[in-house]
Amino acid sequence: MTSSALPDRAEAQAAAATADEPLLKVSGVTRYYGDRIGCTDISFDLWPGEVLAIVGESGSGKTTLLNCLSTRLAPTAGAIEYRMRDGAMRNLYQLTEAERRLLMRTDWGFVHQNPAEGLRMTVSAGANVGERLMAVGNRHYGNIRDTATSWLERVEIAADRIDDQPRAFSGGMRQRLQIARNLVTHPRLVFMDEPTGGLDVSVQARLLDMLRRLVADLGLSVIIVTHDLAVARLLSHRIVVMRHGRIIETGLTDQVLDDPREPYSQLLVSSILQA
Ligand SMILES: Nc1ncnc2c1ncn2[C@@H]1O[C@H](COP(=O)(O)OP(=O)(O)OP(=O)(O)O)[C@@H](O)[C@H]1O
Ligand SMILES: [Mg+2]
């Protein structure tokens, strides 16, 4: 199926030419809530195809940072630049509202911990997936339904559930539906906030396995917030450890988890601080 969200040849060439440049450049991002620090002086680059985990104890600023990065919350200071599909680097907070909305509906995904925040609970599963396709210009009902069906199967939801509403689904199914809804437009960057939180351990394991496969198959760049280091270990290439709103350590996932440098990271890894 053709779709305006899929890169054409010129865009693909532009993307290939910039593959050795970051997808996202974060410089000095700071967010205060009144006098309280949400996050402060956060800088890092995210590379195409990279999975970055943001870890840290409750209140360390993970969600604040993720919301700033995904333009859901305006930073108090700092800059965030994103490489658009045409290869141009744009300051996210200088996009027009229309550009920002298009980005969020097509080139980006956002997987919430609570699927109800990322789904429309009173329309069918098929419509939840199809809606994103319509947002990128698909109008052909048959094509939309076919694509929705194949995405449901991809996230292991039986095709005969396509007309059911997500409120009739289990927690694990809802989360898988939310993932299908996000990935159907082939986003390049997906934000996730504790995507496996609140699920049974066995359901978590299955979801993680699925996420890992999809991320690899689609070559997604991902920024995932988690307080669960096992999730970070399984999914991420690189880890950022936050404390009191700051990055206190960053490095390759195995390096940080097997040989943390900072005393706080050592505590975190030794599970003393894990919930
Ligand atoms: N809307 C808000 N108003 C005021 N302070 C806030 C608000 N949201 C977060 N904070 C504060 O900002 C700091 C960072 O919070 P944040 O929610 O980003 O942490 P977190 O790492 O996501 O925590 P958790 O693991 O519990 O989700 C905390 O001190 C928190 O109390
Ligand atoms: Mg949070």
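All of the numbers you see were taken from the coordinates with simple rules; none came from a lab. Note that the structure is predicted; figures quoted are calculated from it, not measured. Glycine also receives a Cβ, built like all others from the backbone with ideal geometry; neighbour counts cover every protein chain displayed.
A few remarks follow.
- Order of ASP163, ASP146 under a 10 Å beta carbon neighbour criterion, fewest first: ASP163, ASP146
- Under-5 Å amide H pairs with VAL190, H placed in peptide plane, nonlocal only: GLY109, SER221, VAL222, ILE223
- Among THR106, THR30, sorting on how many other beta-carbon atoms sit within 10 Å of each Cβ, with the fewest leading, yields THR30, THR106.
- Calculated on the alpha-carbon coordinates, the convex hull of region 134-224 measures out at 104 cubic angstrom per residue.
- Using the Karplus relation 6.51 cos²θ - 1.76 cosθ + 1.60 with θ = phi - 60°, the per-residue 3J(HN,Hα) values for region 107-118 come to 7, 10, x, 9, 9, 7, 4, 9, x, 4, 6, x Hz, with x marking Gly and Pro.
- Extended-chain gain in nm, criterion 0.36 nm per residue less alpha-carbon gap, ALA216 and TYR32: 62.7 nm
- In plain terms, the C-alpha convex hull of region 87-200 casts an average shadow of 7.8 nm² when viewed from every direction.
- Net charge over other residues, Cβ less than 9 angstrom from the Cβ of ALA116 (K, R count +1; D, E count -1): +1
- If you take the Cα centroid of region 127-153 and the Cα centroid of region 165-179, the two points sit 17 Å apart.
- For region 71-145, with +1 on Lys and Arg beta carbons and -1 on Asp and Glu, the positive-most of ALA79, MET134, MET89 along the dipole: MET134
- For CYS39, the residues whose modelled amide H falls within less than 5 Å of its own, excluding neighbours fewer than 5 places apart on the same chain, are ARG31.
- Annotation: amide H of ARG243 within the under-5 Å range of ILE248, sequence separation 5 or more or interchain, hydrogens built in the peptide plane.
- Environment charge of ASP107, counting only residues whose C-beta is closer than 9 Å and scoring Lys/Arg +1, Asp/Glu -1: +3
- Along its first, second and third principal axes, ordered by size, region 9-269 spans 54, 43, 37 Å in Cα coordinates.
- Percent antiparallel among DSSP beta bridges (both partners in the chain, rounded to 5): 55
- Spin-label model, GLU117 to TRP47: label points 7 Å out along the Cα-to-beta-carbon direction sit 3.0 nm apart.
- Inter-probe distance in nm under a simple model that places probes 7 Å from Cα toward Cβ, at ASP86 and ASP164: 4.4
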